[in-house]
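Below is one structure, written out as structure tokens, with a few remarks after it.
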Ligand code: ATP
């Protein structure tokens, strides 16, 4: 890679804060319904200048629909969106100045070269991008050597990188990427993380969605976790881990009835079922006294009760393994 090429292009990327000090992205009460069912159900988001912000949730949680609304591609049923203080639903072109993004997967002409694709995009976008600018973004994504090959010969990871290069031609202050790690191999993931960090260091705010915690936890400063259209956590991953405390694993003589007992008990949080165990956190350690008492009152025997430190992965699952009415999932017996 030409590091000078990278620095030079990044230096031209704008400062992520707006002159009026508005946040790159501020979303309140965003709702989108399809056939009466809320795909996005009251989403609030606050992305600050310089964030690499992870938008995390399982398949079908509402990430893409939210991102479509943020980019003015789908009209919300209600709620407000401000991109650097401006509303993309009211002024799609003006509000999205300095914003670039890829929703789902990048669209490219497969029979044209990577370079030709970038030239065409720049022309559509009325960007004055000459060979030098295009070479710079190709260097950034390490595609210069393959720039003259047709895109049909590219791997999926290379197509992602070409997509990011086309975004960078816009010199974005805010870059929005929907599942950028899809189909990318481990080396490609490492490259992507490095690139995102470099962009952030140079003042580009990044908003990226993923359904995999592992993909965001190394690179994101803050996250929002979405489940069934609702935000179930927003903040840093460190805060999330700290808020969890120890997790307990309980086996009893009757899983379903024990789940009902735990559901009724104050101080039991993040209750989920893993195989034949109930997994939960307790507000206080002496919560085990109330728990064992309640189980005994229900004539339920404890087969085992163990505690362990919560993993981020466990927390993510407990936040997102929810049915649409937001009660924890329990397998039918
Ligand atoms: P994935 O990771 O699988 O892409 P996602 O979190 O991006 O999932 P969305 O694509 O936003 O989720 O979908 C959220 C819900 O909205 C899903 O139930 C989906 O079926 C529904 N949905 C999305 N777009 C439409 C549409 N155009 N018409 C009807 N339903 C839709």
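Some notes on this structure:
- Restricting the stretch 221-256 to residues that are within 16 Å of the ligand (Cβ to nearest atom) and in a loop (DSSP other than H, G, I, E, B) leaves a set whose member that is surrounded by the most Cβ atoms within 10 Å (Cβ to Cβ) is 229.
- Residues (within 32 Å of the chain's Cα centre (by Cα) and either crowded, with 20+ Cβ neighbours inside 10 Å or assigned to a helix (DSSP H, G or I) (or both)) located in the stretch 257-269: 259, 262, 263, 268
- Selection within the stretch 270-281 - under 28 Å from the mean Cα position of the chain (by Cα) and either crowded, with 20+ Cβ neighbours inside 10 Å or in a strand (DSSP E or B) (or both): 270, 271, 272, 273, 274, 278, 279, 280, 281
- Residue match in the stretch 119-127 (condition: away from the ligand (no atom under 13 Å from the Cβ) and touching a helix residue (DSSP H, G or I) at 6+ places or on another chain (Cβ under 6 Å)): yes
- Residues that are within 6 Å of the ligand (Cβ to nearest atom) and either part of a helix (DSSP H, G or I) or in contact with a helix residue (DSSP H, G or I) (Cβ under 7 Å, 6 or more places away or on another chain) (or both) were ranked within the stretch 62-71; the one that is farthest from residue 210 (Cα to Cα) is 65.
- Test: residue in the stretch 174-187 that is free of Cβ contacts under 8 Å to residues at least 12 places away in the same chain, surrounded by fewer than 22 Cβ atoms within 10 Å (Cβ to Cβ) and more than 15 Å from residue 138 (Cβ to Cβ): yes
- In summary, residue 190 fulfils each of the numbered conditions (1) more than 26 Å from residue 69 (Cβ to Cβ); (2) in contact with a helix residue (DSSP H, G or I) (Cβ under 8 Å, 6 or more places away or on another chain) with the single exception of condition (2).
- Here the stretch 35-59 is the region considered, the condition is being touching a residue at least 12 places away in the same chain (Cβ under 8 Å), surrounded by fewer than 24 Cβ atoms within 10 Å (Cβ to Cβ) and near the ligand (Cβ under 8 Å from one of its atoms), and the residue that is nearest to residue 211 (Cα to Cα) is 58.
Each reported figure results from applying straightforward, stated rules to the coordinates on display, with no laboratory input. Note that the structure is predicted; figures quoted are calculated from it, not measured. When we count neighbours, we look across all protein chains shown, and the Cβ atoms used for this are built from the backbone with ideal geometry, even at glycine.
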